1. Within the range 1-50, which residues are within 30 Å of Leu194 (Cβ to Cβ), in a loop (DSSP other than H, G, I, E, B) and at pLDDT 75 or above?
2. If a residue has to be over 28 Å from Val101 (Cβ atoms) and either surrounded by 12 or more Cβ atoms within 10 Å (Cβ to Cβ) or without any contact (Cβ under 8 Å) to a residue 12 or more places away in the chain (or both) to count, how many in the range 310-320 make the cut?
3. Output the residues belonging to the range 73-93 that are part of a helix (DSSP H, G or I) and under 24 Å from Ala237 (Cβ atoms).
4. Considering the range 79-113 alone, what residues qualify as being of a type in the set (Gly, Ala, Ser), within 12 Å of Ile123 (Cβ to Cβ) and in contact (Cβ under 8 Å) with a residue 40 or more places away in the chain?
5. Would you mind stating whether Leu160 is touching a residue at least 24 places away in the same chain (Cβ under 8 Å) and out of contact with any helix residue (DSSP H, G or I) (no Cβ under 7 Å at 6 or more places or on another chain)?
6. Could you please find all residues in the range 55-72 being more than 11 Å from Val185 (Cβ to Cβ), of a type in the set (A, V, I, L, M) and either part of a strand (DSSP E or B) or in contact with a helix residue (DSSP H, G or I) (Cβ under 7 Å, 6 or more places away or on another chain) (or both)?
7. Going by the structure shown, is Gly297 at pLDDT below 95, under 29 Å from Gly51 (Cα atoms) and under 22 Å from the mean Cα position of the chain (by Cα)?
8. Take Phe147 and decide whether it is among the aromatic types (Phe, Trp, Tyr) and part of a helix (DSSP H, G or I).
Amino acid sequence: MTDIDLPPAEPYSVAELLTALRDEREIASGLGPVPTGFDPLDSVLDGGLVGGDVVLLGGQPGAGKTICALQWARNMSEFGRRVTFACFEHDEAALLNRLLVQEVARVGSSADPTDRLRARSVIRDLMMGLTTIHKAVAASPVIGEAFASLEEFSPNLQLLRASAQSTTPRMLDEVSREHLDWGGVLFVDYLQKLPIPGANNLEDRIYRAIEVMKEMAIAHGITVVALAAAAPSGIDAARLRMSHLRGSAALAHECDIAILMSQKVTATSDRHLKFDLTQLDQARKRTVFSIEKNRRGEVDLHLEFVKDFQNFRFNPDGGFMAETLED
């Protein structure tokens, strides 16, 4: 079914497991959930994401899926977990650019807005080879702070430029296994581009892709965060639902948690925004995170976070939606 080598599963009786608990022997990793760094999302998820789970992060084009996922990856790395971010959309330089701009916004939050703008421009030039790190730091001191902050946890975060031609599940498994340990996190941006040898059509490819991600998560004790693209029916939808994702039937069956991102300005019922221009303006700046599936807790919860896309991030301090969503 898959092209990766997984260790064979061993059966245990409940009596054996209970005895192990009485003898204070480990039957689990001993690691708790890994926080995303987004509040109150981590509270809703009982502390964060858990090893062995596949977490689906879906959204329309431009919703901020990669921005959100890379921010989570950064936060998890800082928390001490090993993280691999495999991206089919951007190369390592583009991802590092985003990480540095994120860090500038974080460590330089009290800096003058003009300084932060200059720092973003200098980082872009640095990634394009138009300047050096020494000149970049001299041009904008906040860049030096961002570098120092990122270096503290940088060994934990691995970036992989994935290819729709060559990054098969076997290759992804081999590369990530060298870096990830038990309790690590693998991001796949995005799942529908993962090539599956022998898959004859899109539905079959997506089904087998999510299936092998689940097997990897359980076998290696890692969390897999799989980004998912919207199908044509979901691109113009006011509010994204699970049925709007490409290969939705397979995705819904295999994932443990499904979080769908929608623009608040379109996802909110008209009666809240139609006659209130202030609320309408505020809604344009926010993204709704809807938890449609959660095997470990509550579902149909809707959180909102303010977009800070010029800095490739969301404000991680969000809240629960008070308004009604479009049905």
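The values are calculated or read from the model by the stated rules, or taken from the named source; none is laboratory data. Because the structure is a prediction, the values reported are computed rather than measured. Using ideal geometry, Cβ is built from the backbone for each residue, glycine included, and neighbour counts are taken over all protein chains shown.
1. First pass over the range 1-50, keeping only residues within 30 Å of Leu194 (Cβ to Cβ): 1-10, 28-29, 31-38, 41-42, 44-50.
Still in the list and also in a loop (DSSP other than H, G, I, E, B): 1-10, 28-29, 31-33, 35-38, 45-48, 50.
Scanning the range 1-50 gives Gly32, Pro33, Pro35, Thr36, Gly37, Phe38, Leu45, Asp46, Gly47, Gly48, Val50.
2. Residues of the range 310-320 that are over 28 Å from Val101 (Cβ atoms), as a first pass: 320.
When the remaining residues are screened for being either surrounded by 12 or more Cβ atoms within 10 Å (Cβ to Cβ) or without any contact (Cβ under 8 Å) to a residue 12 or more places away in the chain (or both), the result is none.
Number of matching residues: 0.
3. From the range 73-93, those part of a helix (DSSP H, G or I) are 73-79, 92-93; that's our starting set.
None - no residue of the range 73-93 is part of a helix (DSSP H, G or I) and under 24 Å from Ala237 (Cβ atoms), so the list stays empty.
4. Let us first name the residues in the range 79-113 that are of a type in the set (Gly, Ala, Ser), namely 80, 86, 93-94, 105, 108-111.
Narrowing further to those that are within 12 Å of Ile123 (Cβ to Cβ): 93-94, 105, 108.
Selection gives Ala105 alone.
5. Numbers: touching a residue at least 24 places away in the same chain (Cβ under 8 Å): yes; out of contact with any helix residue (DSSP H, G or I) (no Cβ under 7 Å at 6 or more places or on another chain): no.
The answer is no for Leu160.
6. Narrowing the range 55-72 to residues more than 11 Å from Val185 (Cβ to Cβ): 56-68, 70-71.
When the remaining residues are screened for being of a type in the set (A, V, I, L, M), the result is 56-57, 63, 67, 70.
Result: Leu56, Leu57, Ile67, Leu70.
7. Details: at pLDDT below 95: yes; under 29 Å from Gly51 (Cα atoms): yes; under 22 Å from the mean Cα position of the chain (by Cα): yes.
Yes.
8. Details: among the aromatic types (Phe, Trp, Tyr): yes; part of a helix (DSSP H, G or I): yes.
It is true that Phe147 is among the aromatic types (Phe, Trp, Tyr) and part of a helix (DSSP H, G or I).
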